[in-house]
Amino acid sequence: MLKKKIMRLVLSMLMALVMLFQGVNFNVYAGSEKEVDLEIQNIVIKNGGNPVNSMQVGDEFRIEMNWKAKAKAATINEGDYFIVKLPDNILIKNDAGNLNFSLTAPDGSVMANAHVTPKAGGGAEIKVTFTNYVNGRYDINGTLGMNANFNKDKVTVNQKNNFDIEAGGKTTPFQFKVDGGPTGNSNEVLHKYSFAAESINEAEWRVRINYKKANFPNAVVTDTLVGTTEKFVKESFRLYRVNYTSDLKENNRVRIDLSDKIVFSNNDQTFTINLGNINGEQYKLEYRTTYTPGTNLRNNVKLTSNNNKVDEKFISYKKEAAGGTGVGILANKIKLVKVDAEDNTVVLANAVFEATGTDGSKFELTTAADGTVTSPALVAGTYKVKEKTAPAGYELNTQ
C-alpha cells in the first residue's frame, strides 16, 4: 500500500497558506556585476536648500533627482551599478566631496557609492555602485544630489533651457530658466554674495563697496558672523580698488594693503576695515570663512561714515555636500520540508510543489535529497502552496 505523506513548513503553516520569512543569506558571485535598469524622476534645482524656478547664469546650484530601479524582484546585488549622464550645459563642481560620495539607507548604512566623472566641454557621468545592503532586497530607490554651475557657452540666458538627463537608455526631460548676469544699480552702496570655496570646509565671500561712487568720510566696513562657531580666514582677505562697468565687470584692479587697516575681534568672528575717506572710489573685498557643509552660515556687513550707518546687508550661505539616499524592502523566501507521514525522520526528494502568489503568479519548487526546498527571493505577501507531483512510491497530497 502506498504510504501517505505530509508536507511541513518551517515555522508555520495554516490551510496551505505559506507565509514568507526574512533574514536568509543571498549568495553573490564575483564577476557577475551588471548594470541596473533605472528611471529618473522629480529633477529639481535648489539654491540654499530650497527649490527655485530660475537662477542667474553665473550662480552655483544643487541639482537633485529621484531614481528608481525597474527590477520588481530581489535581483540587484552588491557590485551591480547604474549610470546617470548629465547634459553638457551643466558643469559639475570639481572638488573631491562632489565627485565621490555615498548614498545612505535609513539605518545609516551605506547602500551605494557614487563616482562622478566630469566630461571635457561639460556634462558628467555618474556611476553608482551598490553595496551588500541591496542583497535580498527589492523596490530599490533613492535620491541623488550634487553641486553644479551652468555651462555659460551652452545655455541661452533669459529663457528656459533643456537639461535632459539620461539613465537606463531613457532620457528624462527637464527645463529650467537661466537668467542673465547681474547689472549695476546706480544707488547701490553695499552688495554682498557668497559661493563655494575650493575646500568644502570653507565659503567664499565678496563685498562690492560704493558702486554708487558717493563720498563717505571716515568710512569703516564691519562684518560679523552670527550665531555660529565659524571664523574668518585671516590670510584670505584681499581688498581692491576697481572701476565697475554697468554689467559689473571690473577694470583697473589695484590691490590695497590691509596690514594697517584691518582688525579682527570677537574670536575672529568680526573684522573691521578702516577705509579712510572715500571720494567716489569703488572697492571690492574678497575673503573666506570656515564652513561646516549643510549648515546655514549667516553674517552681516555694515558701512559707516563718521560713525553713522550708511548701509547694511544680511546674507546667509548654505551648501549641502553631494550625496544621496537609498532604500529597499527586504525580500523573503519560502522553505518547505517533505517527510514521510508515519516516520518524520524519512525525508523525501523530488516532490514538486506549485506556489501561487496573491497576484496570480505561479512557480514550482522541487525538494532536494534532504527533503527541503527554498524558493528564490520573493516579494512580501501570502502564497498558496499545493503539491503537484508526489515522490516516487507516494500518493499525491490533494489538500
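Just to verify a result, which residue in region 142-168, among those that are in contact (Cβ under 8 Å) with a residue 40 or more places away in the chain and part of a loop (DSSP other than H, G, I, E, B), is nearest to Val84 (Cα to Cα)?
Only one residue fits best here, namely Gly168.
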When you go through Glu33, Glu64 one by one, which is the residue that is assigned to a loop (DSSP other than H, G, I, E, B) and out of contact with any helix residue (DSSP H, G or I) (no Cβ under 7 Å at 6 or more places or on another chain)?
Glu33
Looking only at strands (runs of 3 or more DSSP E) that lie completely in region 294-399, which have at least 2 residues being surrounded by 19 or more Cβ atoms within 10 Å (Cβ to Cβ)?
296-305, 308-318, 323-330, 335-340, 352-356, 382-389
Search result, residues across region 216-258 that are among the small types (Gly, Ala, Ser) and at pLDDT 95 or above
Ala219, Ser236
Report the residue count in region 32-49 for those that are in contact with a strand residue (DSSP E or B) (Cβ under 7 Å, 6 or more places away or on another chain) and among the basic types (Lys, Arg).
1
Take the conditions assigned by TED's automatic domain parsing to the domain that holds Ile209 and either at pLDDT 85 or above or hydrophobic (A, V, I, L, M, F, W, C) (or both) and apply them to Lys313. Does it pass?
yes
Hits in region 209-240 (condition: in contact with a Gly (Cβ under 9 Å, 6 or more places away or on another chain), crowded, with 21+ Cβ neighbours inside 10 Å and not in a loop (DSSP other than H, G, I, E, B))
Ala219
Go through region 115-143 and give me each residue that's buried (at least 21 other Cβ atoms within 10 Å of the Cβ), touching a helix residue (DSSP H, G or I) at 6+ places or on another chain (Cβ under 7 Å) and either farther than 15 Å from Gly168 by Cβ or among the polar types (S, T, N, Q) (or both).
Val116
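The values are calculated or read from the model by the stated rules, or taken from the named source; none is laboratory data. If you're wondering where the values come from, they're calculated on a predicted model, not measured in any experiment. Positions of Cβ are backbone-derived with ideal geometry, glycine not excepted, and every protein chain shown enters the neighbour counts.
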